[in-house]
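Right, one structure below, let's go through it.
The values are calculated or read from the model by the stated rules, or taken from the named source; none is laboratory data. Just so it is clear, the structure is predicted and the values come from calculations on it, not from any experiment. Here the Cβ is made from the backbone with ideal geometry for all residues, glycine too, and neighbour counts use every protein chain on show.
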Amino acid sequence: MRLAALYSGGKDSTLALYLAEQMGHSVEHLVNIAPADPHSWLFHTPNLHLLPLMAESMGKTLVSVPSRGDEEDDLRALREALQRLDIDGVVTGAVASDYQWDRINGVCHELGLKSINPLWRKHPHLVMEELLASGTEAIVVGVSAEGLDERWLGRLLDASALQDLKKLEERHGVNVAGEGGEYESLTLDSPLHRFPIVVDASKVAMSQLSGLMRVTAFHAGVRKRT
């Protein structure tokens, strides 16, 4: 099928896109909803300014529509974005959020589009293992859980990080895939990327309960051989 991928730049949307293409689907478009409210329940918001370079790296067309960040306007923006495209369906990186699942599927049903969700209801350990096995490289750019402090910001989600997340799962109940909002991620490279994204500088803002790393300078890395 011809698909568009809901894409935020995070690990889950990247992995879902990768798996959809492995299934034989054609994904030409990345659809991003850019909420003005950073606390949008539907869509990931950190570091969306990197998406044009990510889309270029993956050879995809980026379709970005702003919204206020409340549910009504997020869904309005999603409808607007999808109606622009000649597609059969949509890929999402949804894992466990019934709220997100219901609303996105509702829009797809309304527009007559299939909803493809390669990660839906997978165990968090399996999601992370598939991420590592795919060769996707993502870093932590937001933390909001006990045990996840400033030292995690900018950390690569590799095998060592997964082991540490499993320890935090045992101690504090942290979801290792971040599905409880424990952390946010940013993809720097994957099998879909023709070149990696290189972070040159960033700013970290920490409060008592959470922290955020905002990338302030970045560039395209060395193009891969084909």
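Picking from GLY154, GLY173, which residue would you name as being surrounded by fewer than 22 Cβ atoms within 10 Å (Cβ to Cβ), under 20 Å from LEU212 (Cβ atoms), without any contact (Cβ under 8 Å) to a residue 60 or more places away in the chain and assigned by TED's automatic domain parsing to the domain that holds GLY211?
So the residue among GLY154, GLY173 that is surrounded by fewer than 22 Cβ atoms within 10 Å (Cβ to Cβ), under 20 Å from LEU212 (Cβ atoms), without any contact (Cβ under 8 Å) to a residue 60 or more places away in the chain and assigned by TED's automatic domain parsing to the domain that holds GLY211 is GLY154.
Restricting to segment 113-134, and then to whatever is among the aliphatic types (A, V, I, L, M) and in contact (Cβ under 8 Å) with a residue 12 or more places away in the chain, can you tell me which residue is surrounded by the most Cβ atoms within 10 Å (Cβ to Cβ)?
Ranking the qualifying residues of segment 113-134, first place goes to LEU131.
Anything in segment 88-112 that is surrounded by fewer than 19 Cβ atoms within 10 Å (Cβ to Cβ), in a loop (DSSP other than H, G, I, E, B) and among the aliphatic types (A, V, I, L, M)? List them, or say none.
Within segment 88-112, ALA96 is the sole residue that qualifies.
Applying the selection to segment 169-203, what residues are within 15 Å of the chain's Cα centre (by Cα) and among the charged types (D, E, K, R)?
GLU179, GLU182, GLU184, ASP189, listed by residue number.
In this structure, is VAL90 at pLDDT 95 or above, in contact with a helix residue (DSSP H, G or I) (Cβ under 8 Å, 6 or more places away or on another chain) and under 13 Å from LEU192 (Cβ atoms)?
Judged against the criteria, VAL90 is not a match.
Could you look through segment 60-92, keep only residues that are more than 20 Å from the chain's Cα centre (by Cα) and of a type in the set (A, V, I, L, M), and pick out the one that is nearest to TYR18 (Cα to Cα)?
Ranking the candidates gives ILE87 first.
From the list SER8, SER13, which residue is outside the structural domain of ILE197 (by TED's automatic domain parsing), touching a Phe, Trp or Tyr at 6+ places or on another chain (Cβ under 8 Å), surrounded by 19 or more Cβ atoms within 10 Å (Cβ to Cβ) and in a helix (DSSP H, G or I)?
After applying the criteria, what remains is SER13.
Quick check on this structure: which one of MET206, MET128 is touching a helix residue (DSSP H, G or I) at 6+ places or on another chain (Cβ under 6 Å) and modelled with pLDDT under 95?
MET206
Can you name the residue in segment 63-87 that is buried (at least 16 other Cβ atoms within 10 Å of the Cβ) and in contact (Cβ under 8 Å) with a residue 40 or more places away in the chain and, of all such residues, is nearest to ARG194 (Cα to Cα)?
Taking the candidates together, the pick is VAL63.
Using the structure shown, decide if HIS39 is of a type outside the set (A, V, I, L, M) and surrounded by fewer than 19 Cβ atoms within 10 Å (Cβ to Cβ).
Yes.
Taking the stated definitions as given, is GLU146 of a type outside the set (S, T, N, Q), surrounded by fewer than 16 Cβ atoms within 10 Å (Cβ to Cβ), free of Cβ contacts under 8 Å to residues at least 60 places away in the same chain and in the same structural domain as VAL27 (by TED's automatic domain parsing)?
Considered against the rule, which asks whether it is of a type outside the set (S, T, N, Q), surrounded by fewer than 16 Cβ atoms within 10 Å (Cβ to Cβ), free of Cβ contacts under 8 Å to residues at least 60 places away in the same chain and in the same structural domain as VAL27 (by TED's automatic domain parsing), GLU146 comes out as no.
Could you identify the single residue in SER64, SER26, SER57 that is under 20 Å from GLU137 (Cα atoms) and small (Gly, Ala, Ser)?
SER57
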